[in-house]
Amino acid sequence: MWQYTYLAINFFTIIICFIFSFHPKIKFHRHFKAFLLSSIIVALFFIAWDVWFTTNGVWWFNDKYLIGKRLFGLPIEELLFFICIPFSCLFTYFCLDKFFKLDWKPSIEKIFVIISIIACIILSILFKDKIYSLVTFLTTAITLMVLYFVLKVKWIGKASFIYLILMPGFLAVNGILTGTGLDSPIVNYNPKDFIGFRILTIPIEDTFYGYEMILWNLFFFHKFKKDEQN
């Protein structure tokens, strides 16, 4: 039964959110098309990143916890990760944004974005010899710059706060993937390619990786959701 572990993680990550998507006060199911389009677009980039890192031994997967099917060298479960995790995150964002006013003041949001960009650039320079750290911190800085200063989005502060709310769930899911509660990790990391600072068993870089992935999912989701209404 261990071979279904990663598959079960994906399933339990998405199932409750999926069921409540049809709740009459939420009606997230009306935006399934917008979600699928956004998640597929973003997944293409992150899957390419995943394939490259896996091919070069930055991380690898423990076959004990996989059903054994692979595509592009990645387990099927890993590909499903780029649908299941964004779905749960966007569903949560959609609900909180629907029922609560979480928008930030423009001045505070701008300061937050600028400080975050500077911090990520500094981290990428400090750990330029660690490929996972370098790429993750640098792309997070680029993501924030492009979204805020080029694409002019006005929800980064709100999205960041909701991502913080989601952190316990993120830590639970990624914790299992990186070995919490298991004899060995599902996803293994090459020690020379990341800082080595972990939250429980989770590399700190994973929190940045997840953050930028969700930001891009939100950007395209907003775009396609708006197109649905036109």
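The values are calculated or read from the model by the stated rules, or taken from the named source; none is laboratory data. The structure presented is a predicted model; accordingly, all values stated were derived computationally and were not measured. Methodologically, a virtual Cβ is constructed for each residue, glycine included, from the backbone with ideal geometry; neighbour enumeration extends over all protein chains shown. Keep in mind that these areas ignore ligands, DNA and RNA; they rest on the heavy atoms of the full protein, side chains included. Shrake-Rupley method; radii C 1.70, N 1.55, O 1.52, S 1.80 Å.
Things worth noting here:
- Of the candidates 43, 48, 34, the single residue that is more than 21 Å from residue 95 (Cα to Cα), out of contact with any strand residue (DSSP E or B) (no Cβ under 8 Å at 6 or more places or on another chain) and open to solvent by less than 40 Å² (accessible area, probe 1.4 Å) is 43.
- Top-ranked residue of the range 151-182 - restricted to ones that are without any contact (Cβ under 8 Å) to a residue 24 or more places away in the chain and not small (Gly, Ala, Ser), ranked as nearest to residue 94 (Cα to Cα): 164
- Inside the range 212-230, residues that are buried (at least 20 other Cβ atoms within 10 Å of the Cβ) and of a type outside the set (A, V, I, L, M, F, W, C) make up a count of 2.
- Residue selection: residue 57 fails the criterion of being at pLDDT below 95 and not hydrophobic (A, V, I, L, M, F, W, C).
- Applying a threshold of 8 Å to beta carbon distances and a minimum spacing of six or more residues, or different chains, the list of pairs starting in the range 5-25 at a residue that is in contact (Cβ under 8 Å) with a residue 60 or more places away in the chain and open to solvent by 30 Å² or more (accessible area, probe 1.4 Å) and ending at one that is small (Gly, Ala, Ser) and in a helix (DSSP H, G or I) reads 14/88.
- Residue match in the range 77-95 (condition: touching a residue at least 60 places away in the same chain (Cβ under 8 Å) and in a loop (DSSP other than H, G, I, E, B)): no
- Residues within the range 140-165 that are assigned to a helix (DSSP H, G or I) and either open to solvent by 40 Å² or more (accessible area, probe 1.4 Å) or among the acidic types (Asp, Glu) (or both), tallied: 8
- Residue in the range 15-32 that is more than 15 Å from residue 221 (Cα to Cα) and under 17 Å from the mean Cα position of the chain (by Cα) present: yes
- Of residues in the range 98-139 being aromatic (Phe, Trp, Tyr) and part of a helix (DSSP H, G or I), the one nearest to residue 58 (Cα to Cα): 132
- For the range 96-117, the candidate set comprises residues that are among the aliphatic types (A, V, I, L, M) and touching a residue at least 12 places away in the same chain (Cβ under 8 Å); within that set, the residue that is nearest to residue 137 (Cα to Cα) is 117.
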